[in-house]
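Chemist: One structure, as structure tokens, below. Some questions next.
The values are calculated or read from the model by the stated rules, or taken from the named source; none is laboratory data. Values in this document were obtained by computation on a predicted structure and should not be read as measured data. Counting neighbours? That spans all protein chains shown, and the Cβs are built from the backbone with ideal geometry, glycine included.
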Amino acid sequence: MENYGTIWVCMDCMLHHANGECGGCHDDHGHDEDPLGLIDHVEGFHVAMGMAHEEHSCPRNGDDCWDIDVDVECYCETSTFSESRCEGCGSWLHGERHAMTLFKG
């Protein structure tokens, strides 16, 4: 499979991928998009939770996100607030975005 890079998705898309459902899908005011609808409809593309090792950029003073001696959890894969469109479903609803890796193959 070829890695196409990191996409940033809303919580509904992330939970739908992780659990097969997102519980409150479409209940949020303004979120009426099909979770991962922009990806599920394109043949050959798949997503995986998180981002590739080389794409991590931990903001904690140059700490290595993968340093097993560091006691602090890495938060590179979560943006706590975004006004950007979800790259999984296309929703413009503001909020958290979570990293997923897009693959083709």
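Chemist: Give the stretch 92-105 a look and list any residue that's farther than 20 Å from H46 by Cβ and not aliphatic (A, V, I, L, M), or say none.
Modeler: Passing the criteria: W92, H94, G95, E96.
Chemist: Would you check if M1 is touching a Gly at 6+ places or on another chain (Cβ under 6 Å) and at pLDDT below 90?
Modeler: Yes.
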